[in-house]
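**Student:** My questions all concern the structure below.
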Amino acid sequence: MSDSEDDNIPRLSLHILAALQEFYAEQKQCTDPCEEEKYNIGIIDENWQLSQFWYSHETALRLVQETIAATGEGGRIACVSVPSVYQKLRALHRQDFSVYIFEYYRFAMYGEELILYDYNHPLDLPEKIAAHSFYIVVADPPYLSEECLKKTSETIQYLTQGKVLLCTGATMEDQAAQLLGGKMCNFIPKHTRNLANEFRCYVNYDSGLNSES
Ligand SMILES: C[S@@+](CC[C@H](N)C(=O)[O-])C[C@H]1O[C@@H](n2cnc3c(N)ncnc32)[C@H](O)[C@@H]1O
């Protein structure tokens, strides 16, 4: 190719090229975080339209400790609408447990462990999710309404072999007891932001969360 032909080929300036490279690097970071980042609480920003309010690190850690104490070695754990617990479990216990995250939209980075889930269709679950195949179900339904808790409870009862750790509003105490046999714990879950509603944990088994604040 002669110099004059070569000059006719459109070229990007170095500035534009650098900006493009930066853009693609950022895109890759958002869609393809490294293994470690993937399990940080907050990697997915809160979307309040979807009722996404994340626990503080301390609360997520405490709920993971509780879940593990209740599960024992090698048990299967279902995290229903409670991504911070899934993330913390995976960050701390990579190999020890089989864990699934049941979530709605935005969590594709968790691959095979993500079960797409909408509480409006409580039993619309893939075939690989057999009835009563989880030792414990941890759940935090998106809305503080009887309808939402009722439907989420259908999913919880389908999934669990017995144990349930539910986090939801203090106002849901009666429904948590009726629907899942959940007793309010002394432990109070905290969020990364101050929420107007008071939140509580409910369990249907003997738990360390009962005796602490
Ligand atoms: C109140 S937040 C609980 C999150 C919890 N505090 C945590 O830190 O993991 C409710 C969760 O429900 C999920 N969600 C929103 N709409 C949903 C739907 N239609 N079906 C099931 N889950 C839904 C949200 O993505 C969010 O993770």
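**Student:** Across the range 37-59, which residue is surrounded by the fewest Cβ atoms within 10 Å (Cβ to Cβ) among those that are touching a residue at least 12 places away in the same chain (Cβ under 8 Å) and in a helix (DSSP H, G or I)?
**Tutor:** E58
**Student:** Yes or no: the range 196-207 includes at least one residue that is touching a Phe, Trp or Tyr at 6+ places or on another chain (Cβ under 9 Å) and surrounded by fewer than 18 Cβ atoms within 10 Å (Cβ to Cβ).
**Tutor:** No - not one qualifying residue is present in the range 196-207.
**Student:** Same structure again: With respect to Y135, is the statement that it is in a loop (DSSP other than H, G, I, E, B), surrounded by 16 or more Cβ atoms within 10 Å (Cβ to Cβ) and touching a helix residue (DSSP H, G or I) at 6+ places or on another chain (Cβ under 6 Å) true?
**Tutor:** Here the answer is no, as Y135 does not meet what is asked.
**Student:** If you take the residues of the range 43-74 that are of a type in the set (V, I, T) and touching an Asp or Glu at 6+ places or on another chain (Cβ under 9 Å), which of them is farthest from the ligand (Cβ to nearest atom)?
**Tutor:** Checking each candidate, the answer is I68.
**Student:** Testing K190 on (1) within 20 Å of the chain's Cα centre (by Cα); (2) crowded, with 20+ Cβ neighbours inside 10 Å; (3) not hydroxyl-bearing (S, T, Y), one condition comes back false. Which one is that?
**Tutor:** K190 satisfies every listed condition except (2).
**Student:** Taking only the range 75-95 into account, find how many residues are outside any helix (DSSP H, G or I), touching a residue at least 24 places away in the same chain (Cβ under 8 Å), more than 13 Å from the ligand (Cβ to nearest atom) and farther than 11 Å from I136 by Cα.
**Tutor:** Total meeting the criteria: 1.
**Student:** From (1) at pLDDT below 95; (2) over 15 Å from the mean Cα position of the chain (by Cα), pick out the condition that doesn't hold for E58.
**Tutor:** Result: E58 fails condition (1) only.
**Student:** Does the range 190-206 hold any residues that are within 11 Å of the ligand (Cβ to nearest atom) and of a type in the set (S, T, Y), and which are they?
**Tutor:** Within the range 190-206, just T192 meets the criteria.
The values are calculated or read from the model by the stated rules, or taken from the named source; none is laboratory data. Remember, it's a predicted structure, so these values are computed and weren't measured experimentally. Cβ: placed from backbone, ideal geometry, glycine included. Neighbour counts: every protein chain shown.
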